[in-house]
1. Which one of 174, 191, 201 has its Cα pushed farthest toward the positive end of the charge dipole of segment 164-233, where Lys and Arg give +1 and Asp and Glu give -1 at the Cβ?
2. Give me the dipole magnitude in Debye, nearest 20, for segment 44-124 about the Cα centre, with unit charges on the beta carbon: positive for Lys and Arg, negative for Asp and Glu.
3. Note the angle between two axes, namely the Cα long axis of helix 178-201 and the longest principal axis of the Cα atoms of the chain, as a number of degrees from 0 to 90, rounded to the nearest 10.
4. So what is the 222 nm mean residue ellipticity for the chain from helices alone, if each DSSP H run of at least 4 adds -39500 (n - 2.57) and you divide by all residues, rounding to the nearest 500 deg cm²/dmol?
5. Using only the alpha carbon atoms of the chain, find the Kirkwood hydrodynamic radius as the inverse mean reciprocal pair distance, in angstroms to one decimal.
6. Under a GNM of the chain (C-alpha, springs under 10 Å), which listed residue has the highest mean-square fluctuation: 124, 200, 32?
7. Given the protein chains as shown and a 1.4 Å probe, how many square angstrom of residue 98 are accessible, to the nearest 10?
8. Using a 1.4 Å probe on the protein heavy atoms only, what accessible surface does residue 20 show? Give it in Å² to the nearest 10.
Amino acid sequence: MLLENLREEVLDANLELVRRGLVLYTFGNVSGISRKDGLIAIKPSGVPYESMKADDIVIADLDGRVVEGKLRPSSDLPTHVELYKRFPKAGGVAHTHSEFATAWAQARRPIPCFGTTHADYFHGPVPVTPDMTPAEIGSEYEKNTGLVICRLFDKLNTEEIQAVLVAGHAPFCWGKSASDASHNAVILESVARMAYYTVGIANDAAPISRELHDKHYLRKHGQNAYYGQVQSK
């Protein structure tokens, strides 16, 4: 079986979305990529999470062609492919329809950084894409979803903001691995929920200062980060 370890990781990353309450029924999908092999492992389309096994995970190439697997891959595979092509450091992609993040996407509003929890993970607002055109929707919809995301990130840092809201649709997240992408999807939903409540309490709430935002992000992710323990080499 091709990429057995990656399949196991992708399976667990998908199940993490279930454990954290981010998906219903067969909603959502997570993939991981082996850069050296140029192959993607992704959840099969429409398969219930409770019955999914590692050998159900589908292997596809960067042209979206199935290389190994008896089941059809997620219908969102073309979106994942475009993100992997344009975001070279992404090792995993997660897509959910989690309630609060999706609400912001449906409202077509970016998620402002109202507090330090957001700043710990995203170095800026979580952006929202423009609406897709009728032509983009009518032809190669899933591929064009990826292209719309990629165009938005032409001027943004894909390592500092590892999440996006697709207007009228839902969020996509990415990370250095499939498990990292799922982790970011969980954090995004928490941040989206807190932002929703913040606006409900004070609809004129302002984002935190740039200084506080930078401090919290860089102490975890910057060159001189000091959050957490030193990793042994």
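1. Checking the options against the dipole of segment 164-233, the answer is 174.
2. For this selection, approximately 280 debye.
3. Its long axis makes an angle of about 40 degrees.
4. Rounded to the nearest 500, the figure is -12500 deg cm²/dmol.
5. 18.0 Å
6. 200
7. The value for residue 98 is about 0 Å².
8. Counting only protein heavy atoms, the figure is 140 Å².
The values are calculated or read from the model by the stated rules, or taken from the named source; none is laboratory data. It should be emphasised that the depicted structure is a prediction, and the values quoted were computed from it without experimental measurement. Don't worry about glycine lacking a Cβ; one is built from the backbone with ideal geometry, like all the others, and counts go over all protein chains shown. Accessible surface areas use protein heavy atoms only, side chains included; no ligands, DNA or RNA. Shrake-Rupley method; radii C 1.70, N 1.55, O 1.52, S 1.80 Å.
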